[in-house]
Amino acid sequence: MTTIRFENVWKEYDERVVLEQVNLSLADHEFLVIIGPSGVGKTTLLRMLLSQEQPTRGRILLDGEPIASEPTADRGVVFQRYSVFPHKTVLGNVMMGPQWAGAPLLGRFFGARRRALEERAMALLTRVGLGEHAEKYPAQLSGGMQQRLALAQALIMKPKVLLLDEPFGALDPGTRKSMHELVGELWEENRMTIVMVTHDLPEAFLLGTRVIAVDKRRNDPQAPERFGATIVSDFEAKCRSVRESRAFETERERVRLTLLAGNSTTEDRPPVPAIETALVKD
Amino acid sequence: MRRIINYAPRPGVRLILALLPFVAVLAIYIFASNARLAVEPADKLMPSFASFWTTMVRMATTIDRATSQYLLWWDTWLSLQRLFLGLGISALLGLVLGIIVGFVPYLRATFEPFFAAFSLIPPLAVLPILFILFGLGEASKIVLIVFGIAPFIIRDVMLRVAAIPAEQIIKAQTLGASTWQMISGVVLPQVMPRLIDSVRLSLGAAWLFVIAAEAITSEGGLGYRIFLVRRYLAMDVILPYVIWITLLAFLMDYALRRLSVAAYPWDQIKAT
């Protein structure tokens with residue numbers, strides 16, 4: 001269960017108001033997409049959720065607790081570029097987070113622990129379609145593959161929230177389409193909360209379960225910096241009850257089919273696609 | 001007729017063209033030397049290659065009476081020792097200070113202007129101070145090298161640290177990295193290739209300071225020897241020594257380049 005709340009959040013740089021009166025409350029397992037014109041403060045909103053920047057007023061709560069004042073492992077992130085480490089192989093990139101968590105001084109696992117982590121990382125890489133590129137360096141990958149790697153690298157830490165800052169902005173249309181499918185599936189499989197910033201409207205409605213538009217509500221032509229942007233509209237793009245009933249129906253259909261096929265196996269799959277299908281537990 | 005920049009030599013031609021200036025310089029020297037020796041067989045300014053060879057063989061294989069050492073190897077050993085110590089200390093200082101000061105904003109705000117000012121002090125101008133403080137022995141020579149090149153390396157490393165995209169540092173934090181883990185796992189490996197390049201670029205300056213220090217006061221060393229035999233116009237020693245120093249510098253540069261390629265393959269991919 002992950003909930004996010006923005007309580008009357010403001011962001012000002014000296015005299016310039018960027019964001020004002022942002023109030024938002026987000027339930028568990030939502031795919032929130034933030035849209036709006038460029039330079040309006042979408043990314044600032046995301047950065048505040050990441051603690052890369054601090055709100056000047058108000059507060060942000062994650063599961064009812066104020067978020068830490070610096071980036072931490074409970075919020076994963078994929079940026080448009082530079083989200084992966086150029087000096088590590090694909091596999092090395094994915095293994096970094098768990099090794100940092102488990103080996104404070106060396107940041108490196110050895111022996112059985114390393115092999116277990118390698119297996120887990122490989123499973124995740126195979127899931128995002130990078131299985132055969134594990135030994136390459138990021139510079140040898142295409143833009144789309146780098147973003148897949150960045151996703152895997154963030155997902156292995158099992159963050160409560162995954163933040164995506166225009167993750168597909170630099171990709172060509174074909175790659176972008178396959179990335180949409182991947183992100184949608186990962187969101188379903190891991191039952192996590194995703195917050196994404198984009199300026200692509202079709203993308204927003206394709207992926208998002210909830211789409212918010214950020215823009216200036218008021219504007220003073222003499223002093224454009226006087227008023228900041230805020231949430232001007234809030235759509236429930238995919239209704240929660242519809243989503244849940246659809247998931248339920250899919251599951252019922254699957255169980256029905258397995259029963260028809262041969263009522264031999266005593267499969268104990270959980271009623272909804274579970275978090276741990278791709279991420280083997282340690 | 002295309003523009004001249006659109007004509008490129010083939011690989012074989014390229015090799016010949018690259019050798020051409022070397023051959024030309026050599027030919028001019030031999031020609032001029034022969035012309036002078038024909039007039040005055042005892043000419044000291046442009047000795048023949050035969051006398052270079054005999055002098056070098058003498059210096060490399062016979063024990064000098066004054067120092068009871070093989071002079072060429074003894075000088076080389078002393079100079080390289082000074083050079084490696086100076087370069088090593090500078091590289092270490094550059095790495096440690098450059099990373100820490102470049103990465104921690106408070107330290108950066110405190111020390112960056114100081115390093116910038118410090119690196120502008122001409123090292124040879126403070127050489128007398130070093131002699132007064134550290135005596136005329138080895139310490140002052142090594143401090144001179146460090147004084148001369150460490151500020152450059154520190155600033156270079158600092159710039160490289162600053163050039164690491166902020167996204168990577170944020171990402172590392174969302175993966176749970178501590179400051180130490182970010183330094184050791186993200187910053188240090190990405191700075192190392194630049195440090196090697198930085199040391200390569202400093203080689204020339206380091207040799208300059210070694211030779212300058214040896215010229216003023218020393219018991220031995222390649223620079224010392226050159227300045228010592230200058231009194232006798234012994235070009236048959238000076239010229240081979242200069243070529244020997246050049247060769248050593250080239251070998252060091254080459255070794256560092258190979259090291260960078262072997263140890264940091266990912267850095268090469270980016271370049272292509």
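Every number here is computed from the coordinates shown, using simple stated rules; none is lab data. Note that this is a predicted model, so its numbers are computed, not measured. So basically every Cβ, Gly included, is an ideal-geometry build from the backbone, and we count neighbours across all protein chains shown.
The three principal axes of the C-alpha atoms in the stretch B:93-194 carry coordinate ranges of 53, 24, 20 Å, sorted with the longest axis first. Angle of helix B:105-118 to the longest C-alpha principal axis of chain B, folded into 0 to 90 degrees and rounded to 10: 20°. Candidate cross-link partners of A:LYS42 among the lysines, defined by an alpha-carbon separation under 29 Å and a same-chain spacing of 8 or more, comprise A:LYS11, A:LYS158, A:LYS160, A:LYS177, A:LYS216, A:LYS238, B:LYS171. The orientation-averaged shadow of the Cα convex hull for the stretch B:84-137, equal to a quarter of the hull surface, comes to 4.5 nm². As a ratio to 2.2 N^0.38 Å, the alpha-carbon radius of gyration for the stretch A:1-56 is 1.16. Per residue, the convex hull spanned by the Cα atoms of the stretch B:4-46 measures out at 83 cubic angstrom. Among the chymotrypsin sites (Phe, Trp or Tyr not before Pro) in the stretch A:92-177, those placed in a DSSP loop whose Cβ has at most 15 other Cβ atoms within 10 Å are A:PHE110.
When each of B:SER90, B:SER48 is scored by the number of other beta-carbon atoms lying within 10 Å, the sequence from fewest to most is B:SER48, B:SER90.
The alpha carbons of the stretch B:132-272 occupy a box of 69, 40, 17 Å along the principal axes, longest dimension given first. A DSSP coil position with no more than 14 other Cβ atoms inside 10 Å describes the following GluC sites (Glu not before Pro) in the stretch A:64-150: A:GLU135.
Taking a ≥ b ≥ c as the square roots of the eigenvalues of the alpha-carbon gyration tensor, the stretch A:82-126 is classed oblate because a/c is 1.5 or more while a/b is no larger than b/c. Using every pair of separate Cα atoms, the Kirkwood estimate puts the hydrodynamic radius of the protein assembly as shown at 29.0 angstrom.
Can you tell me the 0 to 90 degree angle between the C-alpha axis of helix A:173-190 and the longest principal axis of chain A, rounded to 10? With rounding to tens, the tilt is 70 degrees. Listed from fewest to most Cβ neighbours within 10 Å, the set A:LYS11, A:LYS216 follows the order A:LYS216, A:LYS11. Between the Cα long axis of helix B:235-263 and the first principal axis of chain B there is an angle of about 30°, rounded to the nearest 10.
With equal scatterers on the alpha carbons only and no solvent term, can you work out the Debye log10 of I(q)/I(0) for the stretch B:1-105 at 0.12, 0.14 1/Å? Computed log10 I(q)/I(0) values: -0.86, -0.91. Note down the magnitude of the dipole of the stretch B:1-97 about its Cα centre, charges +1 on Lys and Arg C-beta and -1 on Asp and Glu C-beta and zero elsewhere, to the nearest 20 debye. Roughly 520 debye, rounded to the nearest 20. For chain A, taking Cα atoms only, Rg and Dmax work out to 20.4, 75 Å respectively.
For A:ALA229, the residues 5 or more places off, or on other chains, whose built amide H falls under 5 Å of its own are A:LEU19, A:GLU20.
Take the Kirkwood radius over Cα pairs of chain B, plug it into Stokes-Einstein at 37 °C and 0.692 mPa s, and you get 148 µm²/s for translational diffusion. With neighbour counts taken as other beta-carbon atoms within 10 Å, the residues B:VAL23, B:VAL157, B:VAL104 rank, fewest first, as B:VAL23, B:VAL104, B:VAL157.
Here the protein assembly as shown is treated with +1 on each Lys and Arg Cβ and -1 on each Asp and Glu Cβ, and its dipole about the Cα centre works out to around 1200 debye.
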